[in-house]
Structures are given as C-alpha cells and as structure tokens.
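Read through the structure below, which is laid out as structure tokens, and then see the notes.
The values are calculated or read from the model by the stated rules, or taken from the named source; none is laboratory data. In this text the structure is predicted, and so the values were computed from the model without any measurement. Cβ atoms come from the backbone with ideal geometry, glycine included; neighbour counts cover every protein chain shown. The protein model used for the area step is the full one, side chains on, heavy atoms only, and it has no ligands, DNA or RNA in it. Shrake-Rupley method; radii C 1.70, N 1.55, O 1.52, S 1.80 Å.
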Amino acid sequence: MPTPHATHRFAHVLVIGASGLVGGAFHARLARAGARVTGTSHSHPRAGLVPFELGPAPDAFLDALAPDLVVMASAMTHVDRCEAEPAQAQRRNVDDLRPVSEWCARRGVALVYFSTDYVFDGTAGPYAEDATPHPLSVYGRSKLAAEALVAAVPGALVIRITNVFDIGFDDRNFLHRCITHLRDKLPLVVPSDQLATPAYATWLADQCVTLCERDAILAADSPRLLHAGCDELVSRGELARRVAAMLGADASLIEERPTVELHQAAPRPLRGGLKSDCWKALLGVEQLPLDDALND
C-alpha cells in the first residue's frame, strides 16, 4: 500500500466480498489509507466494486488483477440456510475457496480469511486459539474445512470472529435489526441464552491494517490463527438492551426466549465467543470495550 502509514509490504489488495459487512469495512479502510484496493461484489452490486462470481476457475481474473494480498470476505453465513442447504454451503464456503487459496499458494500471495466461533460447540466459551474445534452445524463444519484450506497457504492468516456488527456496509446484521425494530416500535424476539463476543467490523478492519503496518501479521514469523472481537461475553438479549439504552428506545419491545423455543434449524453454540488476548497483545491494548464499539 502506497502511503507512509499503509501496509507497505502490499502494493495491491483484493477484497473478495466487499459488498458485505466485513469486506465493506476493509475496502473502506484501505481506500481511506490511499491504498490500491480492488473490491468485488456478486449478489449485491455496488458502485465502485468489480463484479466477480466465485467458482472453480478464478485464475484468469486473479492473474489479471495480480494482487499481492487477498482478503477473502465472501461466504455463506446464514446458519439456518446452511443447515437446510448443505450442498450449497459446501460449495460456497469450501469449494469456492479452494481455487482461490490454491492460486495464492502458487503465486506466493498473502491471504486473510475470516472464520467463526461456530467451529466450537459452545460448552466452554469464550475460546482461545488453541481450543479444540467441535462444530455442531453444517455452517460450523464448512468453516472448519475452509480453515484447513487456508492453513495450506504459506503465510496465510485465519481470523475468527463472531456476531459481527456495523452500520453502513450491509444491513444483514443483528445490530441493524435491533435498530430498525426499535425505531419502528416493532417487537424484537431474541435468544436469551446464546452468548458471544461481538466484533465491530470497522474496528476489525482498522486493527488488521494497523497490525499489518507493524508486520505483526502476515509476516514470516507471525501467527496463522487469531481471534478478534470485543471483550465482553454477552447474550443477544443483553446486546439488544444496550442498543435500546443508547438510543433511548423502548426496551420492553425486546422479548427474550431460550433457544429451544425458537425452533432454529441449526444447533447453536450457546456459550460461544472468542478470547482475543493474543490480538490485544499484538495491538498493545488491554481492553476492546463493547460499549465503546457501540458508541462509535
């Protein structure tokens, strides 16, 4: 990246899935830094992004762009849809990733990939990087298989995140749902017993670029797997109540129910979440407070 404070080791960054929440945050952060960045979109076209459909033969597209860093932010993340359509989840989350990861390995191109706490069973969260995965769902198993593909790419980095939220990049996230329901005075039914450590997409992108600038990630001796997110382990209900308090909205609209009553198709890791101690140590910070992220 060509600015004095940008990720100097990378001349051209490709963000696959830049019309989504995480990809959009990364594309915006890199563009603000003056980096040479190309973002792609497929099912959600957006001005300034390049149309690109993942598939079995992406080499011509990738060779033409010739990035030296690929940020892979495209995936099938609707957990219940993955459970109902396992073949589609396998194609989107594993098969479509394979040729991209293999291209990166052949070309010596760095790769950043985003995984999830759904690779764990949710009996003992939050989880550190060395915890043993045990996914409960089709989605979790597909993401764990994807992690194995990325692990075969020299120097690649898997970043596990969960309950990602933001405003302005993609409205398909829990925070946006909370805000719209509270704004429109609509009942908001949320699980009371699904705990996680939410990740703020804007912070994630900014912190990742910062660590890249410091050669703390994507360097020869840097970690290959990291957990990132805010500090607190909270339920969806607690998160919704905090949003209501910040907006001065009517918290009585929030109805909390145990997961067993919601009849969700895919099993959830109830006590999930991720320990981001290594991430914070690399950043040189002691806390990443959830309320600060929500305020931002």
**Prompt:** If the Cβ limit is 9 Å and pairs must be 6+ apart or interchain, which residue in the stretch 158-182 that is more than 18 Å from Cys230 (Cβ to Cβ) and of a type in the set (Gly, Ala, Ser) pairs with which residue that is open to solvent by 10 Å² or more (accessible area, probe 1.4 Å) and in a helix (DSSP H, G or I)?
**Reply:** Gly168/Ala28; Gly168/Thr202
**Long-range neighbours under 8 Å by Cβ, at least six apart or interchain, first residue in contact (Cβ under 8 Å) with a residue 24 or more places away in the chain within the stretch 235-249, second open to solvent by 80 Å² or more (accessible area, probe 1.4 Å) and assigned to a helix (DSSP H, G or I)** = Met246/Asn295; Leu247/Arg183; Ala249/Arg183
**Fill in**
Note on the stretch 170-194: residues among the hydrophobic types (A, V, I, L, M, F, W, C) and either assigned to a loop (DSSP other than H, G, I, E, B) or open to solvent by less than 40 Å² (accessible area, probe 1.4 Å) (or both) are Phe174, Leu175, Cys178, Leu182, Leu186, Leu188, Val190
**Prompt:** Mind checking whether some residue in the stretch 116-124 is within 19 Å of the chain's Cα centre (by Cα), open to solvent by less than 20 Å² (accessible area, probe 1.4 Å) and farther than 29 Å from Ala216 by Cβ?
**Reply:** yes
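Residue-by-condition table, conditions (1) more than 27 Å from Ala196 (Cβ to Cβ); (2) open to solvent by 40 Å² or more (accessible area, probe 1.4 Å); (3) modelled with pLDDT under 95:
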site	(1), (2), (3)
Ala31	yes, yes, yes
Ala73	no, no, no
Glu83	no, yes, no
Leu97	no, no, no
Trp103	yes, no, no
Val109	yes, no, no
Val112	no, no, no
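What is the residue count in the stretch 267-281 for residues that are in contact with a Pro (Cβ under 6 Å, 6 or more places away or on another chain) and either of a type in the set (Lys, Arg) or not in a loop (DSSP other than H, G, I, E, B) (or both)?
2
Could you tell me which residue of the stretch 33-61 is surrounded by the fewest Cβ atoms within 10 Å (Cβ to Cβ), considering only residues that are assigned to a helix (DSSP H, G or I) and hydrophobic (A, V, I, L, M, F, W, C)?
Taking the candidates together, the pick is Ala60.
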**Request:** Return the total of residues in the stretch 224-245 being out of contact with any strand residue (DSSP E or B) (no Cβ under 7 Å at 6 or more places or on another chain) and either in a loop (DSSP other than H, G, I, E, B) or at pLDDT below 95 (or both).
**Result:** 2
